[in-house]
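Input: a single structure, listed below in structure tokens.
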Amino acid sequence: MRSILILTLSILAVLTFNGGFSLPSKYEGMIVRKLEFVGLENIDIDDLLDVMITEEGFPLKASEIREDIKAVFREGKLQNVLVEVKEHLDGVRVRFICKERPIIKEIKFKGTEELSEVELTEIISIKDGDVLRINIIEKNIKLIKKKYEDDGFFNVVVKYEIKRDKEDENIVTLIFIVDEGEEIKVAKISILGARKISADKLTDAMETKEDGWFRDGTFKKGIYEEDKSKIIAYYRENGYLDADIIEDKVDYEWENPEEREKRVIFITIKVIEGDQYYFDGYTLSGNEVFASRVFEDRFEQRSKGSIFNDTKFQKDRQLISFTYASKGYIFARVIPTRIIQEREVDIDGEKKIQKFLKIDIKIEEGKQAYIENIIIKGNKKTKDKVIRRELIIKEGELFNSNKVQLSREKVFNLGFFKQVNFDIRPGSREGLMNLIIDVEEQPTGTISLGGGYGTSTGFSIFTDVGENNLLGNGQRVGVRFEYGPRKSSITLSFREPWLLDFPVGFTASIFYELYRVTDVQSMFVNSDDTAEYQKQAFGYSLGLSYRFWYYYGVGSIWSHSFKSYLDPSGNSPDYIFFDVAKGLQEKRTLTLYSYRDSKDNYMNPTRGSRVEFSVSFTGGYILRGEDHYIKYNPEFYHYYSPFHLPFLRSHPCVIELRTNATFIRPPFNRGKLQKIQPRDENEWLDSSDRLFLGGVETLRGYGIDDIDLPYSWQEGLFNRILYGIEFRIPIHPQMLWIALFFDAGSLWTESFWEENMSEKYQEIIRNDKEIDPTDPNDEVLLYDIKDFHKADLMSYFKYSWGFGFKIQIPMMPLRFWFGRKLKWVGRDDGFFKEISGFDFQFGIGDMRF
């Protein structure tokens, strides 16, 4: 019996993970002369040898064979392994007899209507080409069910089917069969025990809503759990620090018990409110690195006697920790102690007892920490260097929370990642920390179909195909096609943001453009018809830029193009025919610019600003060509988030303030240039380079040829000033924004440029400048820029207001704008008067507001 027991235990010891081997004791220690694998079709033998201990030419050990079986099983690709040992030459042959797991050729879904296969494929961990493992399938069934539950579906049933290939049994198709259950809406939310704060205010703070005409009553478990935390947070913001939810129920019942056709959800939340607390101040102790006033001047909660706001207290506590972390004290501990006192206070002549809360904050500063290693995870396509070069903080430096936050923003603003998370872990010894950067990549190849619509310009369309992270190097290549009533073009472009691994950007592009000009006045003085012609241009541009000091940058762009005029109509002025006769004409432009950009998000900023100034030199005595002018362009954009709306507490509203201007000035050395190219032979400024007003990029609510603009403004002028304000509400920050806007803009003439214009053009300008003394309502419609100080600026500018929507649909972002024209009428008459209905303007494409 003892021998049988020992033999049985020995067999069990070696038959590990469904694998086994025959190894008589006489083979122990003999030299392994040959290693063989039998039954492998889809697995590379070298992959198994890499994880094994046993090698040819070394003694055979039973313990190592057992470890080898465990190792190959850990690879997850084998279903069974047997080991056979036989004598071979002067040693032994070890043969691994393997049975592979089937390979999943394809994953399919059946029964999916409410959720797409793309959505489900993104959340499961199994991919085409993986080995078939039942335990992994069961885990993914849970993921699919959770996805449905998170999206508001109940009683979801998920099963699976394995279909083997007819030609190869080791190849299978995995089919998930889904019964999507039913989507049940919230019919009623009841909050019991809410007396000091109304139940309506508490339900407003929740994202889960009762189903209605304008509210989606979908129930999502994860959001509901967050809503319960929001209710507690709302109480504590109003001083009820002891408030809590003592019971909550989510009941699924028939909407009509007799008909039993539709089920709905009834949510019942029972709260206990407790007493209200009032703020009695902070006291700080233990702080030696920073003086107390450093924190006291920046605390959000400072007014003694006010209602204690726990949210502000948490921010104040985080402020202390963040300030210490900015100097490397990441181990600093902030330990608050509550001191509660009851006092009698006089409120409207009535004595009441109130609870006052004083917070004694003890700070244990600890020691400074340095960055030992920066470890990057999650980047499969993007190379490490593309992320590292954006980091402000470096290995070996003192930990700095400000630099860490700024580094995160810079990495996220690359646009390559859905998520960018920074974490810290202990280093190899005390005082050292490892900074972990965990990113989640997103597709960087883009195919954008877009366009726009204006009441005066009609439709325009474009398509843009690009790769924003070429081969993981952070480079961009793209091609853009555009077609519209005024302009058609094609552009090929390339951008390298880090030339030779220095913060020097390089851009290059080649382009072809065709303009259709229809606003030229007829050569016949008494005719109201407009002339038409086409202008084509092709060329290239090269740019260099340099970034420094976190937010700053300078750069230059060289543009060299060739233009010609085509197909003039018979009533075109003489100068158009002269331009046609010239054939190809050159245009050479050198643009220099500098900027400061501290926006936190390049597409949807919530804070920060951008200030930029550029000057473009076109032609002139040095650059030459046929066009000669200097263009100045200052811009300023500022973003801040002053508050959250009560029903959107998780996302801040954003206010954008903006102003920009463009001034086209005569070139330098005009006297010398006049001798080379006299202005009576060449206007120096092409008509297409004049400035216009109207459309979604300048003044929403107005069209470019709007009849409510002065005639000279419709013909295009030489100076433009814009400003405006926009209030943005994030209904869903990644999908839907609502915006309210106020735009203002004006155009200004320049006497220098008027001199060589056509007689009819000059007559229009004269008429807009003059006032009829017999008409008390007549006003100057056009000012020269040099008379800026003389103009009644409020009356001179054109204004509009309105609202719009930004809907982010993959490959087709939609923009809807409704603008209404305004006229300044003075303070006594209410400042502004509406002079039109809403003008609709529509755009498709990934354009900023």
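The figures follow:
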| quantity | calculated |
| --- | --- |
| In segment 665-710, the residues that are among the β-branched types (Val, Ile, Thr) and in contact (Cβ under 8 Å) with a residue 40 or more places away in the chain | 676, 696, 698, 704 |
| Single residue of 171, 136 found to be in contact with a strand residue (DSSP E or B) (Cβ under 7 Å, 6 or more places away or on another chain) and open to solvent by 20 Å² or more (accessible area, probe 1.4 Å) | 171 |
| Residues within segment 224-252 that are assigned to a helix (DSSP H, G or I), open to solvent by less than 80 Å² (accessible area, probe 1.4 Å) and touching a residue at least 60 places away in the same chain (Cβ under 8 Å), tallied | 3 |
| Residue in segment 25-45 that is surrounded by the fewest Cβ atoms within 10 Å (Cβ to Cβ), counting only those that are over 23 Å from residue 80 (Cα atoms) and small (Gly, Ala, Ser) | 25 |
| Output for segment 761-801, where each listed residue is open to solvent by less than 50 Å² (accessible area, probe 1.4 Å), touching a residue at least 40 places away in the same chain (Cβ under 8 Å) and under 22 Å from residue 664 (Cα atoms) | 761, 764, 765, 768, 782, 785, 796, 797, 798 |
| Looking only at segment 46-61, and only at residues there that are assigned to a loop (DSSP other than H, G, I, E, B) and β-branched (Val, Ile, Thr), the one that is least open to solvent (accessible area, probe 1.4 Å) | 54 |
| Members of segment 572-610 that are open to solvent by 30 Å² or more (accessible area, probe 1.4 Å), in contact with a strand residue (DSSP E or B) (Cβ under 6 Å, 6 or more places away or on another chain) and either on the phi > 0 side of the Ramachandran plot or at pLDDT below 85 (or both) | 580 |
| Considering residues of segment 182-216 that are free of Cβ contacts under 8 Å to residues at least 40 places away in the same chain, assigned to a loop (DSSP other than H, G, I, E, B) and out of contact with any helix residue (DSSP H, G or I) (no Cβ under 7 Å at 6 or more places or on another chain) only, the residue most open to solvent (accessible area, probe 1.4 Å) | 213 |
| Yes/no for residue 839 being at pLDDT 80 or above, in a helix (DSSP H, G or I) and of a type in the set (Asp, Glu) | no |
| Matching residues, segment 375-400, being closer than 18 Å to residue 473 by Cα and open to solvent by 20 Å² or more (accessible area, probe 1.4 Å) | 376, 377, 378, 379, 380, 381, 383, 384, 385, 388, 389 |
| Close pairs from segment 722-742: first closer than 19 Å to residue 609 by Cβ, partner open to solvent by less than 50 Å² (accessible area, probe 1.4 Å) and among the hydroxyl-bearing types (Ser, Thr, Tyr), Cβ under 7 Å, at least 6 apart | 722/698 |
| Pair list, Cβ < 8 Å and 6+ apart or interchain, from segment 624-636 residues that are within 13 Å of residue 668 (Cβ to Cβ) to residues that are part of a loop (DSSP other than H, G, I, E, B) and open to solvent by 30 Å² or more (accessible area, probe 1.4 Å) | 628/677; 630/668 |
| Among (1) surrounded by 20 or more Cβ atoms within 10 Å (Cβ to Cβ); (2) in contact with a strand residue (DSSP E or B) (Cβ under 6 Å, 6 or more places away or on another chain); (3) modelled with pLDDT of 85 or more - the single one residue 673 does not satisfy | (2) |
| So residue 372, is it modelled with pLDDT of 90 or more, open to solvent by less than 60 Å² (accessible area, probe 1.4 Å) and out of contact with any Cys (no Cβ under 7 Å at 6 or more places or on another chain) | yes |
| In segment 92-123, residue modelled with the highest pLDDT [restricted to those that are open to solvent by less than 20 Å² (accessible area, probe 1.4 Å) and more than 22 Å from residue 48 (Cα to Cα)] | 109 |
| Complete set of residues in segment 39-70 that are farther than 23 Å from residue 168 by Cβ and touching a residue at least 40 places away in the same chain (Cβ under 8 Å) | 54, 62, 65, 66, 69, 70 |
| Hits in segment 611-627 - residues which are among the β-branched types (Val, Ile, Thr) and either under 24 Å from residue 672 (Cβ atoms) or open to solvent by less than 30 Å² (accessible area, probe 1.4 Å) (or both) | 615, 618, 622 |
| Search result, residues across segment 698-731 that are charged (D, E, K, R) and within 27 Å of residue 760 (Cα to Cα) | 705, 706, 708, 715, 720 |
| Odd one out for residue 162 among (1) surrounded by fewer than 16 Cβ atoms within 10 Å (Cβ to Cβ); (2) in contact with a helix residue (DSSP H, G or I) (Cβ under 8 Å, 6 or more places away or on another chain); (3) under 24 Å from residue 127 (Cβ atoms) | (2) |
| Every residue from segment 480-493 that is more than 22 Å from the chain's Cα centre (by Cα) and either open to solvent by 50 Å² or more (accessible area, probe 1.4 Å) or closer than 19 Å to residue 415 by Cβ (or both) | 481, 482, 483, 485, 486, 487, 490, 492, 493 |
| Residue check for residue 126: assigned to a loop (DSSP other than H, G, I, E, B), among the β-branched types (Val, Ile, Thr), open to solvent by less than 30 Å² (accessible area, probe 1.4 Å) and in contact (Cβ under 8 Å) with a residue 40 or more places away in the chain | yes |
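Residue by residue, here is whether (1) touching a Gly at 6+ places or on another chain (Cβ under 7 Å); (2) open to solvent by 70 Å² or more (accessible area, probe 1.4 Å); (3) of a type outside the set (A, V, I, L, M) holds:
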{"residue": "291", "(1), (2), (3)": "no, no, no"}
{"residue": "304", "(1), (2), (3)": "yes, yes, yes"}
{"residue": "334", "(1), (2), (3)": "no, no, no"}
{"residue": "338", "(1), (2), (3)": "no, yes, yes"}
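The values are calculated or read from the model by the stated rules, or taken from the named source; none is laboratory data. Please read these numbers as outputs of a predicted model, since none were measured by experiment. When we count neighbours, we look across all protein chains shown, and the Cβ atoms used for this are built from the backbone with ideal geometry, even at glycine. For accessibility, only protein heavy atoms count, side chains too; no ligands or nucleic acids. Shrake-Rupley method; radii C 1.70, N 1.55, O 1.52, S 1.80 Å.
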